[in-house]
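Asker: Dumping the structure here so I can ask a few things about it.
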Amino acid sequence: MKNTKPFPIPVKTKTARYSCDKCPAYCCTYTEIDVTVRDIERLARHFDLDYAQAEERFTKTNGEVGRRLLRHKKDTVFESTCMFLDQEKRRCGVYEARPGVCRKYPDSTRCGYYEFLKFEREQQGDEELVALT
């Protein structure tokens, strides 16, 4: 039997079905934003610090499993957010140096919070609504 599939197999590209433009940065409120050694090195270069300084200043250890997490700060919309969130613009303040997990988010064509936010804004008739649920 002859293989009729083209080689190499074409890769389907993801087309995003969400927009971060009007989002209040919900993803930045996740309490556990994991960082790797490489992420800390990137942040250290961005702020012209050595690794130990960046690790101490920007991360904390999750005591249960010893994972490194980004620190949080009080927020004007949510309880707290990643310490790098620009709270006025609701955008990442270190976008070029952001951690790998942030670079990959969301890892699908849809963002669950965006879908929820869009639905709530349509239902309420308010394009500026910030759904906190």
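The values are calculated or read from the model by the stated rules, or taken from the named source; none is laboratory data. Quick caveat: nothing in here was measured; it's all calculated off a predicted structure. Here the Cβ is made from the backbone with ideal geometry for all residues, glycine too, and neighbour counts use every protein chain on show. Ligands, DNA and RNA are stripped out before the accessible areas are found, and what is left, the full protein with its side chains, is counted by its heavy atoms. Shrake-Rupley method; radii C 1.70, N 1.55, O 1.52, S 1.80 Å.
Asker: Measuring with a 1.4 Å probe in the full set of protein chains, what accessible area per residue, in whole Å², belongs to region 27-133?
Answerer: Roughly 65 Å² per residue, with all protein chains present.
Asker: Along the principal axes of its C-alpha atoms, what lengths does region 76-125 span, in descending order and rounded to whole Å?
Answerer: Extents along the principal axes, in whole Å: 37, 28, 17.
Asker: Follow-up question, since we're still on this one. Gly93's amide H: which non-local residues (gap 5+, or another chain) put their own amide H closer than 5 Å, with H modeled 1.01 Å from N in plane and none for Pro or chain starts?
Answerer: The answer is Leu85, Asp86.
Asker: Treating each Cα of region 42-133 as an identical point scatterer and ignoring solvent, apply the Debye formula and state log10 I(q)/I(0) at q = 0.12, 0.17 Å⁻¹.
Answerer: Once normalised to I(0) and log-transformed, intensities are -0.51, -0.93.
Asker: Another one. Compute the FRET efficiency between Asn62 and Arg91 as 1/(1 + (r/R0)^6), taking r as their Cβ-Cβ distance and R0 = 25 Å, and round to the nearest 0.05.
Answerer: Step by step, r from the Cβ atoms, then E = 0.45.
Asker: Could you run the Karplus curve 6.51 cos²θ - 1.76 cosθ + 1.60 with θ = phi - 60° over region 53-58 and give me ³J(HN,Hα) per residue in whole Hz, x for Gly and Pro?
Answerer: 3J(HN,Hα) across region 53-58, in whole Hz: 5, 5, 4, 5, 6, 10.
Asker: In whole Hz, with x marking every Gly and Pro, tabulate ³J(HN,Hα) for region 84-90 from phi via Karplus 6.51 cos²θ - 1.76 cosθ + 1.60, θ = phi - 60°.
Answerer: Per residue, the Karplus-derived 3J(HN,Hα) values read 8, 6, 7, 6, 7, 7, 6 Hz.
Asker: Now for a different question. Do any trypsin sites (Lys or Arg not before Pro) in region 26-56 lie in a DSSP loop with no more than 16 other beta carbon atoms within 10 Å, and if so, which?
Answerer: Within region 26-56, no trypsin sites (Lys or Arg not before Pro) qualify (loop, at most 16 other Cβ atoms within 10 Å).
Asker: Using amide H atoms built 1.01 Å from N in the peptide plane, name the residues 5+ places from Thr59, or on other chains, whose amide H lies under 5 Å from its own.
Answerer: Those lying under 5 Å, H to H, from Thr59 are Arg71.
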